[in-house]
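Could you have a look at this structure, given as structure tokens, before my questions?
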Amino acid sequence: MAADPPHRTTAPRATDRPGDASPFALGLLLRRAHWRATAVLAEALRPLGVELRHFAVLIELVNHGPTVQRDLATATGSDKAGIMRVVDDLERKGLAVRKAVPGDRRARAVEITPQGLELFDAAHAAAEPLAEHLVADLGPGEPEQLTDLLTRVAHPSDSEA
């Protein structure tokens, strides 16, 4: 008499639907939330004449001051050619300038201009009502809780890394 085949349990398959219990569920939800948030932010930036890729560079310049292009590429997840195009765009719009780096004839540091800072502030003002709409279905305190949880996922403590 043949033995019964061993009972095999499998993890739930990813469905990308609400209630998905697969090990991919969190990543799929984060991807969908990212798409939605990106669309909202892009809508806020569109009237200002910049895209998210431009704004990502402006964020780095505001946070870190003049920054060499290779470091901007790393910080924004861009490649060398892509960051050059973005910085070219920012220069054409008067939002950033390239300056020589003392002691390195080949390197250029990118610096935000006063006009770039004005746009940076205007973008925040434009995004605020749209960002509120993004979390409108959450209850009191939940947007802050979501931000806290996502911060902990995106920036794990050194002991966990």
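Per 5 Å bin, what percent of the C-alpha pairs of segment 49-126 does each bin hold, from zero upward?
Per 5 Å bin, starting at zero, the Cα-Cα P(r) for segment 49-126 comes out as 3, 17, 31, 27, 15, 5, 2, 0, 0 percent.
Treating the Cα atoms of the chain as identical point scatterers in vacuum, please give the log10 of the normalised Debye intensity I(q)/I(0) at q = 0.11, 0.14 Å⁻¹, two decimals.
The Debye formula, applied to the Cα set alone, gives -0.62, -0.90.
What longest range of the chain stays clear of loop-exposed trypsin sites (Lys or Arg not before Pro) (DSSP non-H/G/I/E/B, at most 11 other C-beta within 10 angstrom)? Write down the numbers at each step before the final one.
Numbers: sites that count: Arg8, Arg13.
Counting at most 11 other Cβ atoms within 10 Å as exposed, the longest clean stretch of the chain is 14-161.
Please give me the summed charge of the neighbours of Phe24: other residues whose Cβ is under 13 Å from its Cβ, Lys and Arg +1, Asp and Glu -1.
Taking every Cβ under 13 Å from that of Phe24, the sum is +2.
Can you tell me the 0 to 90 degree angle between the C-alpha axis of helix 25-45 and the longest principal axis of the chain, rounded to 10?
30
For segment 118-161, how big is the tail of P(r) above 16 Å, as a whole percent of Cα pairs?
56
Where a number appears in this text, it was derived from the coordinates with a stated rule and is not lab data. Model, not experiment: these values are computed from the prediction. Cβ atoms come from the backbone with ideal geometry, glycine included; neighbour counts cover every protein chain shown.
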